[in-house]
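Notes for the one structure printed next.
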Amino acid sequence: MKRLQIKTAQNININFTLANVGQRLAAFSIDNVLKFIYCYLVFYSLDISNTSGIATDSWSTKAFYVMLMLPVTFYSLYSEILMNGQTVGKKLLKIKIINVDGFKPNTTDYIMRWFLRIIDFNFFSLIFVYLFSLDINSSQLYAIAMVVFFIGKAIGFFLIILTKNNQRFGDIIANTIVISLKDDVQFSETILEDIAINYKPTYPNVINLSDNDMRLIKDTFNNLDKSSDFGTLIKLRSKIEQVANIKSKERSDKEFIRKVLKDYSFYTQNG
């Protein structure tokens, strides 16, 4: 497997294992099984044409079909935002999206990544939607759908294989990568702090940070704790406040970062 090494401003090297094309294809397949199940339940189990209140003219019916496809169209976007860089498929394959600096992507990154699927998939989906609006019989339509589907995914597939960091076009523009979390157990052990039984946390919003964020914070802080680089400490504290949406209540940046590490351990261990 390919590995990506991120060098922080303090020359600390942090290694991530990149998800390979097989893992991403398997996750994609699982997600599409869920999409197909949804489509089957909607288009075959329900008799939409006879649903009360729905117009029966062809254009209104097709417009209603398109509306029913919105959950499928936006599936990866809302899943990745709500599930911290994962879809159901990615979660089962233990892979997730992070940005190239090692931190959690923001909502804009997810939107850009999703929107740019138009290059390697969604453009072909739009072609299918256009063809669906025409008077084409079902057998021809499904044949075209399969061709469009495989052409669209082939572009993303080859980009993942050929790019240095296994990135499709949306990843490249949004500065995101997909990493493997299969060593997550050992990884979590390295970020947990010893806390007292009666420990009381101060910053509940630390749960907005991911394990990867905490590893980066802890490695950086451990290096800074041995030095007097107060300028970099300020930058680290500001970054934590920005990403986690919290404000320091401590007397010093070092106390704040130690508190964040302990609070994260508290919420991780206590669910």
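Computed from the C-beta positions of Y40 and F158, the FRET efficiency with R₀ = 30 Å rounds to 0.50. Modelled label positions at D229 and N198, each set 7 Å beyond Cα in the direction of Cβ, lie 3.9 nm from each other. Applied to the stretch 200-205, the Karplus parametrisation 6.51 cos²θ - 1.76 cosθ + 1.60 on θ = phi - 60° returns per-residue 3J(HN,Hα) values of 10, x, 10, 10, x, 6 Hz, with x for Gly and Pro.
Note on M67/I111: beta-carbon distance plugged into 1/(1 + (r/R0)^6) with R0 of 25 Å gives a FRET efficiency of 0.75. Near L77, once Lys and Arg are set to +1 and Asp and Glu to -1 for all other residues with Cβ below 10 Å from its Cβ, the sum equals +1.
No value in this document is a laboratory result; all are computed from the given coordinates. Everything quoted here is computed from the prediction, not taken from an experiment. Cβ sites come from the backbone with ideal geometry, for glycine too, and all protein chains shown count toward neighbours.
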